[in-house]
Amino acid sequence: MAKSKKSSSVNLVQRPIKKWAPLFILPTFAAFLIGFVWPFIQGIYLSFCNFNIPTDAKWVGLDNYAKVFKDAGFLNAFWNTAAFAVVSIILINVLAFFIAYALTQKMRGANIFRTVFFMPNLIGGVVLGYIWSMIFDGILKNYATYLTANPTYGFWGLVILVAWQQIGYMMIIYIAGLQAVPEDMLEAARIDGATGSQTLFRVIIPNVMPSITTCTFLTLTNSFKMFDQNMALTGGMPSIMENGAKINATELLALNIFSTYNISKNYHGVAQAKAVIFFILVAVLAITQQYMTRSKEVQQ
Amino acid sequence: MKKKINDQYTPLSKALSVFFAVLSVVWLIPIFEVVINSLKKNEYVNLDPFALPNEESFVGFANYVKGMTFGNYPFLQSVAYSLFITVASVALILLFCSMSAWYIARVNSTMSNIFYYLCLFSMIVPFQMVMFTLTFTADKLNLNTPYTIPIVYLGFGAGLAIFMFLGFVKGLPLEIEEAASIDGCGPVRTFFNVVLPMLKPTLISVGILELMWVWNDYLLPYLVLDRTKYMTIPIHVQYLKGSYGTVDLGATMAVIMLSIIPIIIVYMFCQKHIIKGVAAGAVKG
């Protein structure tokens, strides 16, 4: 029975569609080749070359990569990004979870609060950066200083900006997760006399593990790929001297790649090599994170 | 039971309501800041951005008037390009990616398997990896205008969109399509008259995620477009703030305000869809 069903569906649905492949799949595939596959392959190749434009590329082997690992600005950007990622993942997820938890309780005005908290997400990163640079400069003015005077200000400024922007987004995902916690489980916990924190840690959190996976994944990749906000808020400033090299103290990796490319045409290959390292880093982190939190999810 | 409903707002929940009301007001301060400073003379913005406009500093809508042509590029032109690029890109992505996802889900061939794994792979590749080479490719193929850049968006956005559509298409009952086929529907009609209507919730959530991405995207159009001729709103804002010796913060805030207002209006009307779309888009796994 099962077999005949499968073959009939193959005849009725699969075979006729196949004839229409040029219509259904070709436009997307062609755009995908232009917008992703070819640039990716060419990007790998050019990271081993010295180039201004692809047609004048000269193979230099691992030279670019050697330069990247000696680049103080890149290493600084790496540690900035790592610190920024850790701080923002913890801050955003903890706050978003507790706001979502509070808003899913019976509370007057919960919908309005949800609307307000989500709103900053709709504003683009560049615009956000300029709004907040005005605010931070306005505050710091009272202490006779300004945002790009000290790398610490720039770092925490970016953390505040990104928390303000992303807490609402993650809150929405946590609310969806919390609303999906089976009511009978909560009731069973109540009947068994579980305390509030026992219910939270033993019943609710294991059940919202899929949301936690998603949100930590999103905050992790968002903070590693952070560009617009970083550029608009501090632009990597201030410049400081470190071991005889001038580096932009608040630069994150994505901005460092971009500014390296713009130094001069001799740096195009180095920037592309940085981009390849950046890709490997993001890919490894994303896959590891998925693997780690997935294994904690409960199967229902 | 009835008593319980009347008592649903406990003192704790009332206290929480007050706390969140205060927090909501604090949350809106940055937007409020843009509003008040867009109405002030530039030197007063620098002096104290937190002061409300007073008789001396208030300039009415002068900043807005100035903002329209500020930086020698008409702001409305940037708005028009942003609108066109966003609408066209989202439309292309929704149409072609849902078609491809259906094909991949229904046809088990090498081609569709390769495409599927490439899509998965593309989701973990950051834009920085491909941005320089994508710029070269787009230049070479003359995709560097607002009218052709939607093709670039379709290409770079295809991975996530197809993945999200696939998650939903796989759950659709095959029997409906078989019935359509028995009734004499070809694949094209089956897709547009039978499958696409069933995909509506996914179309909305993918549409909203792509909309938020393309409308606010800075780097892709910055690199791909010929910036002397074409600007989008984020590029325009960056241009005003970034490339001027003396920045007119009042006018910049007016331009920022103009770019936020349409988003807030859309948000007011489509709030439910936007929030649902975000929630649905997240549980893709």
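Rule-based calculations on the coordinates, nothing more; no lab input. Note that the coordinates shown come from a computational prediction; the quantities given were computed from them, not determined experimentally. Note: ideal-geometry Cβ built from the backbone for every residue, glycine included; neighbour counts use all protein chains shown.
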Rounded to a whole number, the mean other protein chain Cβ count within 10 angstrom for residues of B:110-118 is 2
The whole-number value in µm²/s of the Stokes-Einstein translational diffusion coefficient for the protein assembly as shown, with Rh from the Kirkwood sum over alpha carbon pairs at 20 °C and 1.002 mPa s, is 83 µm²/s
Sequence order, the range A:192-205: Karplus ³J(HN,Hα) from phi using 6.51 cos²θ - 1.76 cosθ + 1.60, θ = phi - 60°, Hz rounded, Gly and Pro as x, gives 6, x, 5, 6, x, 6, 5, 4, 4, 7, 9, 10, 6, 4
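Taking DSSP loops as anything outside H, G, I, E and B, show the longest stretch in chain B free of trypsin sites (Lys or Arg not before Pro) there with at most 15 other beta carbons within 10 Å. Mind dumping the intermediate values first?
Details: sites that count: B:170, B:227, B:229, B:284.
It works out to B:1-169.
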Residue-ordered couplings for the range B:80-89, obtained by feeding phi - 60° into the Karplus form 6.51 cos²θ - 1.76 cosθ + 1.60 and rounding to whole Hz (Gly and Pro as x), are 4, 5, 4, 4, 4, 4, 5, 4, 5, 5
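Add +1 for every Lys or Arg and -1 for every Asp or Glu among the other residues with Cβ under 13 Å from the Cβ of residue B:197, and state the total. Kindly include the intermediate steps, with their values, before the conclusion.
On the way: positive: B:189, B:200; negative: B:177.
Taking every other residue near residue B:197 into account, the sum is +1.
Using a 10 Å cut-off around each Cβ, can you sort A:199, B:202, A:152 from fewest to most neighbouring Cβ atoms? Walk me through the numbers on the way to the answer.
Details: A:199 17, B:202 23, A:152 10.
Neighbour counts put them in this order, fewest first: A:152, A:199, B:202.
Using only the Cα atoms of the range B:122-171, build the gyration tensor, take square roots of its eigenvalues as a ≥ b ≥ c, and label the shape rounded, prolate or oblate: rounded if a/c is under 1.5, else prolate if a/b is larger than b/c, else oblate. Let's see the in-between values first.
Details: a/c = 4.22, a/b = 1.83, b/c = 2.31.
Verdict is oblate for the range B:122-171.
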Calc'd 3J(HN,Hα), the range A:131-140, phi into Karplus 6.51 cos²θ - 1.76 cosθ + 1.60 (θ = phi - 60°), Hz, glycine/Pro = x, comes to 4, 6, 5, 5, 5, 5, 4, x, 6, 5
FRET efficiency for residue A:187 and residue B:68 from the Cβ-Cβ distance with R0 = 56 Å, rounded to 0.05, comes out at 0.40
Treating every alpha carbon of chain A as one equal point scatterer without solvent, the Debye formula yields log10 I(q)/I(0) values at q = 0.08, 0.09, 0.12 Å⁻¹ of -0.53, -0.65, -0.98
Computed over chain B: longest principal axis from alpha-carbon atoms vs helix B:200-216 long axis, angle to nearest 10 degrees, is 40 degrees
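Evaluate peptide B:12-24: per residue, the Cβ atoms of other protein chains within 10 Å of its Cβ; return the mean as an integer.
Working: counts 2, 6, 2, 1, 9, 6, 2, 3, 12, 5, 0, 4, 8.
That works out to 5 on average.
For peptide A:127-140, compute the average count of partner chain beta-carbon atoms within 10 Å of each residue's beta-carbon.
Working: counts 15, 3, 4, 12, 9, 2, 2, 12, 7, 1, 3, 9, 2, 0.
For peptide A:127-140, the averaged partner shielding equals 6.
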With 0.36 nm assigned to each residue of separation and the Cα-Cα distance removed, residue B:91 to residue B:28 gains 19.5 nm
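At a 10 Å Cβ-Cβ cut-off, how would you order A:215, B:270, fewest neighbours first? Please list the in-between numbers first.
Working: A:215 27, B:270 15.
Ascending number of Cβ neighbours within 10 Å: B:270, A:215.
If exposed means no more than 16 neighbouring beta carbons inside 10 Å and the site is in a DSSP loop, what's the longest run of chain B without any exposed GluC sites (Glu not before Pro)? Kindly include the intermediate steps, with their values, before the conclusion.
Numbers: sites that count: B:55, B:56.
Excluding the exposed sites themselves, the longest stretch runs over B:57-285.
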FRET efficiency (residue B:145, residue A:53; Cβ distance; R0 25 Å; to 0.05) is 0.80
Under 5 Å from the placed amide H of residue A:49, counting only residues 5+ away or on other chains, we find A:60
Too long for a 30 Å Cα-Cα cut-off, among A:70/B:241; B:229/B:276; A:18/B:272; A:274/B:170; A:58/B:229; A:141/B:40, are A:70/B:241; B:229/B:276; A:18/B:272; A:274/B:170; A:58/B:229
Most exposed first, judged by fewest Cβ atoms within 10 angstrom, B:215, A:38 run A:38, B:215
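Per residue Cα convex hull volume for the range B:73-243, in cubic angstrom? Please list the in-between numbers first.
On the way: hull volume 21.9 nm³, N = 171.
Spread over its residues, the Cα hull of the range B:73-243 gives 128 Å³ apiece.
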